[in-house]
Every structure is written in structure tokens, then in C-alpha cells.
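Okay, so here's the structure we're looking at.
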Amino acid sequence: SDRMNLAHHDGQVALHIAFAAAGVRSTRWRLERYYYEYELRRRLGTPADALIPDAVAVLAADDDTRFAVACEVDRSENPSYLVERKLVPYATARASGAPLLGCTNWSVAWLCASLRRRNRVAEAAWQAGVPEGVHVFAGPDEITGRTVLSPAWWSARMVDGVPTLTRCDLFGDVVTDRSCRNNGQTCEKPTSAGDRGSAKSGCFTSEDAR
């Protein structure tokens, strides 16, 4: 619907604003470029069914280190659909070493419509056997210019032998303080992603984003 499409676009814009503001505040990272989905499709000429994020934020540091974030604004798709179309294919692409717009280091950030939805999608990734650190998740009010580069995100990880929704940042660093865990919420035992998905063509290219 038009309302859902508008909310989806608003999520992309909110992340753009957050990354831009964070780049001004950060002593390490600046936002080099933020691509919206339509720009990615126009730039890469990819087919409609290619694995294309809703947006890509390319971060750069003074030492020429670059890090890309595939941004997904999740609204209504069934988690099982996301497993097959997004969660596993992203993990497959990263495991194969495929760069995202020329960046060899990258992650996938999901901005979800609610905290409940955040938890459901994070658990779906865990149950699908997606490796830790590929995807991070946040609710609608958790990400701002002050928090987007901090451990304000969540992912399902093994903690003391138990899969638990745990705070982390975009770069794979985990907050281990027990008070930062999501009230001890645990996830069901995962199954291996195995051959469930393969990386589709799309943004995963050696082409430099600049």
C-alpha cells in the first residue's frame, strides 16, 4: 500500500540522516556515500530479482579503511520469506568473500517496525543457521545519529552456551555486559543454512562505490 511504501522510504531516509549525523560526530568514520535502492539498480543495471539492499551506507576512515552497511527496512514480510530471499543469501555472499560495492568488510543492518518484529527476524536468522555478525537488528526508535555507530544494535549470539539476543555494533563488536542482553531472551536451536540459498547477483561486486 502507499502508506507502507511511504513508511519504507521513511526508514531509508531515517538511516541516511543517522549515518550522516554520526559521520559528523565520529572521530573515526565519515559517511562517504549513501545509495538508495533505485540508485543502486540504476548504477548496476541489475535484474529485478537480484539481491539489492534498500540502501547502502559506505563509511570511510582517515586511514582509507572503508566499511559498507547494507540497510534493510523491514516492515511486513514473513520471516521465513526473509530467510530465503535475504538472510541466507546475504550470509552466503559474505562467506564467499564477495565485496559490497567494492568494500570487503560489510554487514547488514535491519531497521524493524517494532521491538517484537526485531526479535522475530533476529531469531529467524539464528534458526536458519546464519553465522553471527552478518546481520544486526534494531527497533524503530533505537537508531539515531548518536547511536547508529554504537552498540545500539542486536543479534543472536551464543552466550554461555545459550543463543541469546545480545547488543552489538555494526562492525562485529559485542557488548558482553549481562545487563545489555535483551532480558535473557533466548532463541531456539539453529539449523544449518547449508545449501538453502546462494548469493544472487547485485551489489556484491568489486566495483568501487566511489
(message) Quick check on my filter: what residues within region 136-166 are touching a helix residue (DSSP H, G or I) at 6+ places or on another chain (Cβ under 8 Å), without any contact (Cβ under 8 Å) to a residue 40 or more places away in the chain and of a type in the set (A, V, I, L, M)?
(response) Ala138, Ala156
(request) Within region 158-170, track down each residue that is within 15 Å of the chain's Cα centre (by Cα) and open to solvent by 10 Å² or more (accessible area, probe 1.4 Å). (result) Arg167, Asp169
(message) Considering only residues that are outside any strand (DSSP E or B), touching a strand residue (DSSP E or B) at 6+ places or on another chain (Cβ under 9 Å) and on the phi < 0 side of the Ramachandran plot, which ones fall in region 128-159?
(response) Val130, Glu132, Val134, Gly139, Pro140, Glu142, Ile143, Thr147, Val148, Leu149, Pro151, Ala152
(request) Would you point out the residue of region 167-177, among those that are without any contact (Cβ under 8 Å) to a residue 24 or more places away in the chain and charged (D, E, K, R), that is nearest to Arg118 (Cα to Cα)? (result) Arg167
(request) Please list, ordered by first then second residue, the pairs with beta carbon atoms under 8 Å, 6 or more apart or interchain, first in region 24-36 and within 14 Å of Gln12 (Cβ to Cβ) and touching a residue at least 12 places away in the same chain (Cβ under 8 Å), second surrounded by 12 or more Cβ atoms within 10 Å (Cβ to Cβ) and charged (D, E, K, R). (result) Tyr35/Arg43; Tyr36/Asp54
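The values are calculated or read from the model by the stated rules, or taken from the named source; none is laboratory data. The shown structure was predicted, so the numbers you read here are calculated from the model rather than taken from an experiment. Note that we place each Cβ from the backbone using ideal geometry, even for glycine, and neighbour counts take in every protein chain shown. To get the accessible areas, we keep the full protein, side chains included, count just its heavy atoms, and leave off ligands, DNA and RNA. Shrake-Rupley method; radii C 1.70, N 1.55, O 1.52, S 1.80 Å.
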